[in-house]
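First comes the structure, then the notes that go with it.
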Amino acid sequence: MLPYATAAEAEAALGRAMTRAEAAWLRYSAFVPDHLLYCHNVAILLILYTIAPLPLALLELRARAAPDGVAAAVMRPSTYKLQPRAQLSPAAFLRCYLDTGRVLLLTVGALSLVSYPAVKMVGIRTGLPLPSAGEVAAQMLVYLLVEDYLGYWIHRLLHTRWGYHNIHRVHHEFTAPFGYAAPYAHWAEVLILGVPAFTGPAIVPCHMTTLWLWFVLRHLEAIDIHSGFNFPFNPTKLIPFYGGADHHDYHHRVGGQSQSNFSSVFTFCDYLYGTDKGYRYHKASLEKGDAIFFILCLS
């Protein structure tokens, strides 16, 4: 809740006129308690989880229902879908969505109710001024790097015998991942993975709007790497060291025995710690096979 009753008071405190974004934030948040602003994360997460994976899910279901010739024209699965033989029914999509939504609501919702004092303690602010675009971009980069590094080691721990059998195996029920399966996990894993997600903002505190943006970005990234599609025009291919769907799909394809591709965002941790050797061998084998096929076609 902002300590300003009017725009004039806010501008007097700032010593300048408010930007349009700041004026909109004042109108929205002036009389909303800070803990309720923080709890917006739950609604943002559920709305994003419902909408973001939907286009590819509908595309996949449409191609599945169409005759073979029509399906090829609609989606070209052999080109874009990483595991074209893996096809899910509408009931499987719905089960995944409902099960995951329930877990997210119970875990993230409950956590949001009790974790606000910690958020306040580390310095997440709601007041004016709003952060600049450069500040937000720098914070996003720090959060991605911190989350990726900590998430890498937590993911490796979840692939130990005990961690996988008791917790992580739920997430690996889908060996061919899709967007709605991104947060599909044991409730304990959802809570555990909240640690690296919150560590960045705890180290480099931000504005509440930046925190919202961070959770949106992190969830979109998780949906992207679990999408099951490798589109050549995906703009994330322009991001240096970004793993993407192809990198993470291999991890799911191998399954519970996987000791490769633990990174969630970038690929350098897997490279530095030698946990991408199986993936690199797999890619080299595919490239060799493509080269042989090309030569045979020319002969």
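The values are calculated or read from the model by the stated rules, or taken from the named source; none is laboratory data. Predicted, not measured: the structure shown is a model, and the values here were computed from it. Note: accessible area is taken over every heavy atom of the protein model, side chains too, but ligands, DNA and RNA are not part of it. Shrake-Rupley method; radii C 1.70, N 1.55, O 1.52, S 1.80 Å.
Pairs of lysine residues in the chain that meet both criteria, 8 or more places apart or on different chains and Cα atoms under 18 Å apart, total 4. Taking the accessible area of the chain, probe 1.4 Å, and keeping the other protein chains in place, the carbon and sulfur fraction comes to 68%.
Report, in degrees rounded to the nearest 10, the 0 to 90 angle that the Cα long axis of helix 277-298 makes with the longest principal axis of the chain. Once rounded, the angle reads 50 degrees.
Using a cutoff of 8 angstrom between alpha carbon atoms and counting only pairs six or more residues apart, the relative contact order for the chain works out to 21 percent. Taking N as the residue count of the chain, its C-alpha radius of gyration divided by 2.2 N^0.38 Å amounts to 1.14.
Kirkwood analysis of the range 161-268, using all unique Cα-Cα pairs, places the hydrodynamic radius at 14.9 Å. Probing with 1.4 Å while keeping every protein chain in the model, the per residue accessible area of the chain equals 53 Å².
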